[in-house]
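What follows draws every value from the coordinates through simple rules; no lab data is involved. All of these numbers come straight from a predicted model, not from anything done at the bench. Reconstructed Cβ throughout: ideal geometry from the backbone, glycine too, with neighbour counts over all protein chains shown.
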Amino acid sequence: MKIHEYQARQLLADAGVPVPSGAMVESVDAAVAEAKKIFDGGATLAVIKAQVHAGGRGKAGFVKLVKSVDEAKKAAEFMLTNRMVSPQTGAEGLAVRRLLIADGVDIDREFYLAITVDRARNTNTMIASAEGGVEIETVAEENPDAIIKTPLHPERGLEPYAARAVAFKLGFEGKQVGQAVAIMMRLAKLFTETDASLVEINPLIVTPPSEGHPNGRVLAIDAKFNFDDNALFRHKAIAALFDPSEENPSELRAKEHELSYVDLDGNIGCLVNGAGLAMSTMDIIKLHGGEPANFLDVGGSATEEAVREAFDIILADDRVQGVLVNIFGGIMQCDKIARAIVAAAKEVGFSVPLVVRLEGTNVGAARTILEEARRDIPTMVTATDLADAARKVCAAVAVPA
């Protein structure tokens, strides 16, 4: 589960990580009122950021530094009336419903700091770089030596000596070292306590020296958190931060029926039982030149109602020009799928080609059910195996041979 930046900043602040003050607003009037508070308080700079679950906001023009209430109003009007388009959103972009307005700060240096799960090493790992403020993927590709990776101890987490070593490698000096170490330690603790899969501060900054802070201040001015969905039952307060308006409606609908569904960019809908078989099905579709429109695993114990819902979700996607059903019956009985196909044909209707490959438990009964219903499903063809099914569905959607 993802959360917004304003929510992530609050989690950091609650954990003792220094974050500039800010507030979330949902209208231009509220943005103006919040900006007035900031400038009336003596600030000379404020930042306005669109709150969406996608990166690339700055380059898209949805992060603005403003020096007056009037500038804040114009920035808020622009962001709340335009869709944000970035490499992570696709051409359709995302509607912006919320803004974060925060105190602006002067920046001397920028750093990247994150903790995530390193599946290659089977451990939680802190990732840091002195090249913050840019996409870490670009840094990793162009200058991999700039990335510092520090595995966390499986029981003790991030140890102070390891955090200090990273702080020195990043180039922190004087009192900055203690500030940076404290932030790293608190971030690691927060990562573990919340069952996060990613916590990221980009950038972590050092402010210019001042009379009160001759070495500058180390601050987190951007934050990103992802959480393990399977652990949310332990974190009711975090689960309450979920924003359904930022999620794919079809994926939310599938989740309500305990279906594993991921929306993709292709035109061949897939209904499969088992995650591994679903991955293989998508691979073989691509092998034959097609493009899957979704990953959909109905699981081994789905009801006929859930399977009918799965068909409804697939067929509600206007991009879908053909559907491939690939069932290997074990716990999931083939005749149950066959009855669901017939019910879906009656309730939803198949206006696109439907290719069905069934094998396993009760497959004979399933084939009989489909054969008897063939008049009701004129677009249906059956396949002898998965390769045959992939060839037929790709041909049906006019994929070049």
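Sort 28-34, 267-273, 48-54, 119-125 by packing, meaning the average of other beta carbons within 10 Å per residue, with the highest value first. List each step's numbers first, then the result.
On the way: 28-34: 17.9, 267-273: 26.0, 48-54: 23.6, 119-125: 12.0.
Ranking, from highest mean packing down: 267-273, 48-54, 28-34, 119-125.
Among Leu324, Leu94, Leu99, which comes first, second and so on when ranked by fewest other beta-carbon atoms within 10 Å?
Numbers: Leu324 31, Leu94 21, Leu99 27.
Taking fewest neighbouring Cβ atoms as first place, the list is Leu94, Leu99, Leu324.
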Under 11 Å from the Cβ of Asn226, count the other residues' Cβ atoms, weight Lys and Arg +1, Asp and Glu -1, and hand me the total. -2
Any idea how far the Cα center of region 282-342 sits from the one of region 67-99, in Å? 38
Using every alpha carbon pair in region 202-292, what percent of pairs falls into each 10 Å bin from 0 up to the bin containing the largest distance? 12, 26, 22, 19, 11, 8, 2
For Glu291, what residues show an amide H to amide H distance below 5 Å, using hydrogens built from the backbone and excluding near sequence neighbours? Asn267, Ile268
Relative to the longest principal axis of the C-alpha atoms of the chain, give the angle of the C-alpha long axis of helix 304-315, reported between 0 and 90° and rounded to the nearest 10°. 70
With runs of 4+ DSSP H residues as the only contributors, calculate the mean residue ellipticity of the chain at 222 nm using -39,500 (n - 2.57) per run, divided by the residue total and rounded to the nearest 500. -11000 deg cm²/dmol
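Count charges around Met24 for me, please; just the other residues with Cβ under 13 Å from its Cβ, Lys/Arg as +1, Asp/Glu as -1. Don't skip to the answer; put the middle values down first.
Values: positive: Arg9, Lys49, Arg97, Arg98; negative: Glu5, Glu26, Glu34, Asp243.
Net charge in that neighbourhood comes out at 0.
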Given [x] 27.0; [y] 24.1; [z] 22.0 as possible values of Kirkwood radius over Cα pairs in Å, the one from the coordinates is [y]
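For Asn362, what charge total do you get from the other residues with a beta carbon under 10 Å from its beta carbon, if Lys and Arg give +1 and Asp and Glu give -1? Kindly include the intermediate steps, with their values, before the conclusion.
Working: positive: Lys336, Arg367; negative: Asp335.
Local net charge: +1.
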